[in-house]
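The values are calculated or read from the model by the stated rules, or taken from the named source; none is laboratory data. Here the structure is a predicted model, which is why all the values come from computation and not from measurement. With ideal geometry, Cβ positions are generated from the backbone for all residues, glycine too; neighbour counts draw on all protein chains shown. Keep in mind that these areas ignore ligands, DNA and RNA; they rest on the heavy atoms of the full protein, side chains included. Shrake-Rupley method; radii C 1.70, N 1.55, O 1.52, S 1.80 Å.
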Amino acid sequence: MLVRLANHPLLFAEPDNQKLANFCLKFGLPFQNLQFTGRTKELQLLSDIVEGAGKGQRKIAVLHGLGGIGKTDIGVQYAWQNLAAYTSVWWIHSATAEVLKRSLITAAQNLIHHLAANYVSGQPDYIVIARDLGVAGLIDASGQLVNSAESNDQERVEGALPKWLSMDGNDMWLLVFDNLDDLKVVDRARHFPQSSSGTIIITSRKRGSVHWGTGSIQVEGLEKDDALSLLLTRASMDQKQLSATGE
């Protein structure tokens, strides 16, 4: 059960001092890679960027490097390792403008379902939810988004998640923009929450993305020992799979 925080029906806190990870809202976060190997240095640097900004200050960490080098894997591993530190984790696919739009609209719909399921007063008031998310008139009586591609409705829906993350008292969130290789895809004025709190991680091939961060990490290839360990782990798993099928 969730209870109201800061007298706002769309913000929630967990009672009884239970672990935050028990109810951390996760959207789009990829499954944890159980074969993840190494990257101790990168994960520590990422933690340093997040913790070094200070309480109540926005943290923006940029992971940049060649395609396929492991930026996304590091971001996924960090998120899973630190779930207990966040009340919500949002993974936004950002490869193209269309991909970003779909990801943000789907995130908004998931957010609406979450808010409705945990509404403070019992029966959800979708008019209030829509108004506070900046999408008045775009949520029907069943909680579904209704918007027209021919109007600015979709832009309003895209802004619902950043608006919610900007609310007073909602400051322990993690927002990941993954595969942001074209920096024109994300409009920081529209797509970044307009608050001084929370944590943003960006993965990108573009070195210019470092200027968006409060800290950045250039991701390179695995260390030799880690690469060998990963190879042996995967070879062992492949052998077990072959044995299980009798081949």
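With a Cα-only, solvent-free Debye model of segment 39-82, what are the log10 I(q)/I(0) values at q = 0.22, 0.27, 0.28 Å⁻¹? Listed by q, the Debye log ratios stand at -0.77, -1.05, -1.09. Average accessible surface for segment 19-172: 47 Å² per residue, computed with a 1.4 Å probe over protein heavy atoms with every protein chain in place.
When the trypsin sites (Lys or Arg not before Pro) in segment 107-216 are filtered for DSSP coil states and for at most 10 other beta-carbon atoms within 10 Å of their beta-carbon, the remaining sites are 184. Report the trypsin sites (Lys or Arg not before Pro) located in segment 43-102 that are in a DSSP loop and have at most 11 other Cβ atoms inside 10 Å of their Cβ, or state none. Hits after loop and neighbour filter: 55. Computed over segment 100-229, relative contact order equals 20 percent, with contacts defined as Cα pairs under 8 Å that lie 6+ residues apart. When only alpha carbons of segment 63-130 are considered, Rg and Dmax amount to 16.0, 49 Å. For segment 76-160, applying the loop criterion from DSSP together with a ceiling of 11 other beta carbons within 10 Å to the GluC sites (Glu not before Pro) yields 150. Which percent of the accessible area of segment 38-130 is formed by carbon and sulfur heavy atoms (probe 1.4 angstrom)? Here carbon and sulfur together make up 54 percent of the probe-accessible area.
Would any residue of segment 133-168 have its amide N under 17 Å from a label point 7 Å out along Cα→Cβ of residue 125? List them or say none. Only 133-143 pass the distance filter. Estimated at 0.36 nm per residue, the fully extended path between residue 84 and residue 148 surpasses their Cα-Cα distance by 19.3 nm.
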